[in-house]
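This report refers to the structure that appears directly beneath it.
The values are calculated or read from the model by the stated rules, or taken from the named source; none is laboratory data. Being a predicted model, the structure only gives us computed values, none of them experimental. Every residue, glycine among them, receives a Cβ derived from its backbone with ideal geometry; neighbour counts consider all protein chains shown. We work out accessible area using only protein heavy atoms, side chains counted, and drop any ligands, DNA or RNA first. Shrake-Rupley method; radii C 1.70, N 1.55, O 1.52, S 1.80 Å.
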Amino acid sequence: MPSSISQRLRGLRAKLLRRYEHRPFVSCLVGLYGCRWRRHERSGAQPGDCCCNKLEGFCFALLVAAFCLTLVFLYFWGQAGNDYNDFDWFNFGNLGFWFPWSVVLLVVAAGFFSYVTVLMLLAVCLLSEGQKLHLHWSHKIGILVSLTFSVVATAVLSDLWSKQWMTLLLSFQVTAPHLHVGGVSLMTSLAWPVALHVFRMRSRVKRGLITGVFLTTLLVLYMLPLGLYSPCIKEGGMLGPAPALIGHRGAPMLAPENTLMSFEKAVEAGSDGLETDVAISVDGVPFLMHDHTLRRTTNVHEVFPNRTDDLAAMFSWSELGGLNAGAWFLSHDPFGTAGSLGVEERQRAGNQSVCSLQLLLQLAAQTGKLVIFDLYRPPMGHPYRDSWIQRTLEVIHNDSSINSSQVLWLPSDQRSLVQETDPELQQTSGSRLPLEELQSNHIVKLNLHYSSMSSELIREYAAVNITTNLYVISQPWLYSLAWCSGVHSVTTNAPQLLSSLSSPLLLISPDQYKLIWVLTDLLSLLLIFIIFCFHWWRERRLSFCLDSKKTLDNGTYNKFKTEMSDIWSVSSAKSQVEMSDLAAVTED
């Protein structure tokens with residue numbers, strides 16, 4: 001019985017020491033990576049040899065850099081999805097025509113990342129099989145193109161849209177636990193090719209350098225959670241109520257923005273408030289329009305071809321009433337959601353007109369919704385240039401039945417006069433001001449961009465009865481982060497989507513997070529230790545076997561062979577002498 005166990009152990013040891021070559025697999029890898037499909041074009045790395053020459057090593061370094069940069073850019077642009085609509089309309093304003101550039105950029109970034117990732121997987125598999133790297137020239141060009149795209153796109157977006165980096169930092173507060181697990185898993189999988197080549201190297205300097213870089217990166221990943229913060233790591237009982245939803249220009253994913261249909265859709269979707277932008281026509285009618293011109297959201301180029309770029313406030317209400325404010329929504333489909341509308345809804349959306357502030361206030365009064373709006377001061381030469389505040393207050397007080405307490409008054413101009421005229425208006429500030437100034441202006445709500453999100457800031461203002469509204473939040477992960485941070489309300493393009501969330505995404509308790517963190521690190525450390533020990537033992541035993549063979553070839557065996565040759569020579573000489581003596585005796 002013991003002998004059979006020892007035989008099995010010796011058999012297992014022999015299998016572990018044997019170097020297996022998966023010929024079809026390696027041939028496919030070499031063919032895809034270097035376009036070398038013939039058997040004689042393959043080249044394995046001998047023990048002690050480097051995995052590639054200097055040129056191929058430089059190309060592999062470029063491949064790693066391209067992989068990292070394309071990954072960063074894809075993650076960055078993927079998390080920026082909350083603001084794709086703003087990006088597309090920004091390009092519309094500069095280029096003069098509509099095109100979904102944001103989606104195109106996302107697809108291109110995903111394509112480059114997929115291409116570079118495949119090359120990285122091929123390279124790692126080749127290294128794991130002990131093969132030398134020979135990247136084909138076409139792939140080298142592809143890597144350079146991918147690298148250039150990532151660098152240029154990141155630089156351009158950083159210059160034109162720098163605030164998106166804050167979105168990236170906010171996303172880490174939600175995705176950090178998952179990125180940690182993914183990063184540790186990636187480094188653990190790389191331990192096999194790293195250990196294989198480290199223990200096959202003769203140069204101690206290269207061996208120490210590669211091992212040091214690998215272990216340093218691994219240590220940083222292991223300890224990374226110590227420097228991460230996420231408001232979504234909390235006990236469920238500590239979670240406050242879901243932020244109230246304020247429809248941004250209504251429900252712009254379901255109907256043309258700033259139209260009556262859009263606000264009705266927002267009410268149907270469960271919005272608690274309605275947000276818009278107000279301009280005043282040349283004859284004194286406040287109407288809803290975000291842009292300063294009518295070019296983007298109306299057919300002004302058809303009705304008034306010579307006034308396409310005129311300011312919207314310089315049109316009369318009768319002229320505005322003759323414009324179509326909904327057909328653009330069906331033709332441009334800015335959110336890719338127009339196809340979800342039924343036939344009747346599409347027909348209704350295509351026939352929307354410019355909406356007045358009075359109609360919006362009446363809808364809010366009937367449904368009990370809050371209203372918040374930016375108020376644009378008319379341009380120079382406008383009849384209501386200096387009385388735009390009073391004219392807007394007249395519509396609120398005289399032309400609608402809304403209660404003043406339903407209006408979140410955002411304009412900062414003449415705030416003290418507005419407060420004296422109607423103390424029931426909820427004074428709202430669009431900027432972060434010192435607490436003393438906010439309280440002196442009777443501010444009860446802050447309306448801030450979501451990049452200002454801070455749990456500490458929100459708690460500080462809430463302590464003096466000032467609530468916080470963040471705009472514009474349309475992605476579930478960003479809404480979840482706002483929920484965990486204690487935000488009171490958010491302005492959104494997607495009330496129909498966010499209202500369906502019953503709890504924040506990725507909410508996790510501190511104990512669960514610590515357990516995941518510790519188990520991930522320990523399991524990774526154990527696997528890496530086993531992998532390194534196995535390769536150390538394997539290469540050591542293989543080296544010992546080779547040295548033993550050389551000793552037999554050059555030492556004891558040769559000595560034994562020489563001695564036997566000498567004995568054979570002496571014996572042959574004696575035999576010849578004896579045969580000579582015998583012949584002489586015979587002759588005598």
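Rg/Rh for the range 47-184 stands at 1.06; both radii use Cα atoms, and Rh follows the Kirkwood definition. Sorted from longest to shortest, the spans of the Cα atoms of the range 309-452 along the three principal axes equal 53, 36, 31 Å. Sorting 218-226, 118-126, 417-425, 293-301 by average packing, meaning the other beta carbons within 10 Å per residue, from highest down gives 293-301, 118-126, 218-226, 417-425. In angstrom, the C-alpha Rg and Dmax of the range 378-441 are 13.0, 38. The value of relative contact order for the range 237-286, using C-alpha pairs under 8 Å at least six residues apart, is 35 percent. Near Thr308: Cβ cut-off under 10 Å, other residues only, Lys/Arg at +1 and Asp/Glu at -1. The net charge is -1. The alpha carbon radius of gyration of the range 258-319, expressed as a multiple of 2.2 N^0.38 Å, is 1.26. The mean sequence separation of alpha-carbon pairs under 8 Å and at least six residues apart, normalised by the residue count of the chain, gives a relative contact order of 14 percent.
Could you work out the local net charge near Leu288, counting Lys and Arg as +1, Asp and Glu as -1, over the other residues with Cβ closer than 14 Å to its Cβ? Overall, the nearby charge balance is -4. Under 5 Å from the amide H of Gln427 lie the amide H atoms of Trp409, Val444, each residue being 5 or more positions distant or on a separate chain, with H modelled from the backbone and absent for Pro and chain starts.
Think of the chain as having a plus end and a minus end, set by charges on the Cβ of Lys, Arg, Asp and Glu; of Leu69, Leu359, Leu481, Leu69 sits farthest toward the positive end of this dipole.
Per residue, the convex hull spanned by the Cα atoms of the range 196-280 amounts to 265 cubic angstrom.
Just to be sure I understand the curve: with the Debye formula and one point per C-alpha of the range 309-355, what is log10 I(q)/I(0) at q = 0.16 Å⁻¹? Those come out to -0.52, one per q. Rg over Rh for the range 93-248 works out to 1.06, both radii taken from alpha-carbon positions and Rh defined as the Kirkwood radius.
Calculated accessible area for the chain comes out at 52 Å² per residue, all protein chains present (probe 1.4 Å; ligands, DNA, RNA ignored).
Of the solvent-accessible surface of the chain, computed with a 1.4 Å probe over protein heavy atoms with every protein chain present, carbon and sulfur atoms account for 62 percent.
Amide H contacts of Gly326 (H built 1.01 Å from N, in plane; Pro and chain starts excluded): Gln352 sit under 5 Å, all sequence-distant by 5 or more or on other chains.
The Rg/Rh ratio for the chain, using Cα coordinates for both the radius of gyration and the Kirkwood hydrodynamic radius, is 1.25. Stretched out straight at 0.36 nm per residue, the stretch from Ser340 to Leu160 would grow longer than its current Cα-Cα span by 61.5 nm.
For the cross-link pairs Lys140/Lys206; Lys234/Lys445; Lys265/Lys445; Lys206/Lys514, the ones whose C-alpha atoms lie over 29 Å apart are Lys206/Lys514.
Along each principal axis, taking the top coordinate minus the bottom one, the Cα set of the range 395-485 gives 42, 30, 20 Å in descending order. Simple rule: put +1 on each Lys or Arg Cβ and -1 on each Asp or Glu Cβ in the range 305-439, find the dipole, and look at Gln427, Thr392, Gly350; the Cα lying farthest toward the positive end is Gly350. Measuring spread by the Cα atoms of the range 272-354 yields a radius of gyration and Dmax of 13.5, 41 Å.
Summed over all non-identical Cα pairs, the Kirkwood treatment of the range 55-114 gives a radius of 13.0 Å.
Ranked by the mean number of other Cβ atoms within 10 Å of their residues, highest first, the peptides 108-116, 459-467 come out as 108-116, 459-467. For Thr468, the residues 5 or more places off, or on other chains, whose built amide H falls under 5 Å of its own are Leu446, His488, Ser489.
If you wrap the range 290-330 in the convex hull of its Cα atoms and look at it from every side, the mean projected area works out to 2.7 nm². Charged side chains reduced to their Cβ positions (Lys and Arg at +1, Asp and Glu at -1) give the chain a dipole of some 3460 debye around its Cα centre.
Mean silhouette area of the range 127-218, derived from the convex hull of its C-alpha atoms and averaged over all directions, reads 8.6 nm².
Computed over neighbours whose Cβ is under 14 Å from that of Leu105, the net charge equals -3, Lys and Arg +1, Asp and Glu -1. Take the Cα of His178, step 7 Å toward its Cβ, do the same at Leu527, and the gap between the two points is 1.9 nm.
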